[in-house]
Amino acid sequence: MITVIENAENPGSIRRAGEILKRGGLVAFPTETVYGLGANALDAEAAARIYAAKGRPSDNPLIVHIARMEDLSAVARNISHKAVLLAERFWPGPLTMIFEKTARVPYGTTGGLDTVAVRMPKDKVALAVIEAGGGFIAAPSANTSGRPSPTTAEHVAQDMNGRIDMILDGGPAGIGLESTIVDMSGEIPTILRPGYISREMLRETVGQVEVDQALIREDSGIRPKAPGMKYRHYAPKAELKIVEGSPEAVVRAINRYIEEGEKTGQKIGVIAGEESAGLYKGGLVKTIGKRADELSIARHLYGVLREFDELRVDRIYSEAFETPQMGAAIMNRLVKAAGHQIIKV
Ligand code: AMP
Ligand code: MG
């Protein structure tokens, strides 16, 4: 298959993307979180093509993207008052909500579940593509399953060239981490995946908000309610370890690991905040962003992991990034990328 790569600003590119989607094809497009790999969500065969292109396990359901509030009831049932309040405050935006599904949504889109995940993205290109494609677009992150999610069209091309019909290039994704997922099918809204919209922000709108126990104690063996959260995700090719402790102790420990690694001829990568990046002696140090600007850290995380893949480092050590609003989301992705390997110093 030949993958057409188009600038999203080219005249007619959105219309061409819509035509591909309407005939069951695959189009990757930018959203404000990460790049999505879109297919018609109401067509089980189109959805199946997403799983094939990504190598995604078939029990990992897709998020259905809509462009208009009035389309929600076509795919979701029993929409609670709390869900309406959250939609009014955070849509369009990086919030995904789980509802009971309607008969129009095939099980091929929901991984066999009777619930459906729905989001209305904010990105203008995303909204236009969804409308042009018929209004209901299933779109997981446009990466090969298990690799870091794509935050640029180049990342998408690295994984998907030759496997999908079209990539729309709309520049780098603004947030850089996937949406917050909240289960609205029970009485109390429950966070299944942390994201830009924090627990605090949700509480301000709907009061009590729980967090899936599987997220709080990730090594507890509790099964996550979002099936995708059980897989090793976002992983770079090299072994990644997170080093946690006081800033001085972390720098000291990572400098020791660099020295030990380089003595035996290993290439060592370091993921550091701008505040401490200059303190490392040796190694390939990548500055991920400023601790004081947590959005910059979120935006660069996946790109830095991909850069280390290209540099073929043997090991990567990362500082921890427990920032106020997005820290839960950043650390959730980083800990997964590290396969839970955390060194406390
Ligand atoms: P991605 O689109 O690649 O960011 O992945 C979508 C995430 O949403 C995965 O972790 C899925 O398990 C989760 N998800 C999608 N639909 C549902 C659902 N009906 N119930 C629970 N989690 C879901
Ligand atoms: Mg994904």
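The values are calculated or read from the model by the stated rules, or taken from the named source; none is laboratory data. These numbers come from a predicted model, not from an experiment. Using ideal geometry, Cβ is built from the backbone for each residue, glycine included, and neighbour counts are taken over all protein chains shown. Surface areas here come from the heavy atoms of the whole protein model, side chains and all, with no ligands, DNA or RNA. Shrake-Rupley method; radii C 1.70, N 1.55, O 1.52, S 1.80 Å.
Here are the numbers:
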{"quantity": "20 Å Cα-Cα reach of Lys101 towards lysines, excluding residues that sit fewer than 8 places from it in its own chain", "calculated": "Lys82, Lys225"}
{"quantity": "Residue pairs, from the table Lys124/Lys344; Lys22/Lys54; Lys54/Lys263, whose Cα atoms sit over 31 Å apart", "calculated": "Lys124/Lys344; Lys54/Lys263"}
{"quantity": "Antiparallel bridge percentage (DSSP; both residues within the chain; nearest 5)", "calculated": "35"}
{"quantity": "Met1 - accessible surface, heavy atoms, 1.4 Å probe, Å² rounded to 10", "calculated": "130"}
{"quantity": "Fraction of accessible area attributable to carbon and sulfur, the stretch 270-345 (%, probe 1.4 Å)", "calculated": "51"}
{"quantity": "Largest to smallest accessible area among Leu311, Leu72 [probe 1.4 Å]", "calculated": "Leu311, Leu72"}
{"quantity": "Relative contact order (%) - the chain, alpha-carbon pairs under 8 angstrom, separation at least six", "calculated": "19"}
{"quantity": "Accessible area in square angstrom per residue, the stretch 58-126, 1.4 angstrom probe", "calculated": "42"}
{"quantity": "Solvent-accessible area, 1.4 Å probe, carbon plus sulfur percent, for the stretch 61-177", "calculated": "52"}
{"quantity": "Spatially proximal aspartates and glutamates relative to Lys290 (Cα-Cα < 16 Å; intrachain offsets below 8 disregarded)", "calculated": "Glu274, Glu275, Glu319, Glu322"}
{"quantity": "Per residue, the convex hull volume that the Cα atoms of the chain enclose (Å³)", "calculated": "128"}
{"quantity": "Area accessible to solvent at Lys82, 1.4 Å probe radius, in Å²", "calculated": "60"}
{"quantity": "Calculated FRET value between Glu19 and Glu262, using beta carbons and R₀ = 51 Å, to 0.05", "calculated": "0.45"}
{"quantity": "Order of exposure, largest accessible area first, which applies to Glu200, Glu244 with probe 1.4 Å", "calculated": "Glu200, Glu244"}
{"quantity": "Size of the stretch 1-70 as Cα extents on the principal axes (Å, biggest first)", "calculated": "38, 36, 24"}
{"quantity": "Cα centroid separation, the stretch 21-61 to the stretch 184-251 (Å)", "calculated": "24"}
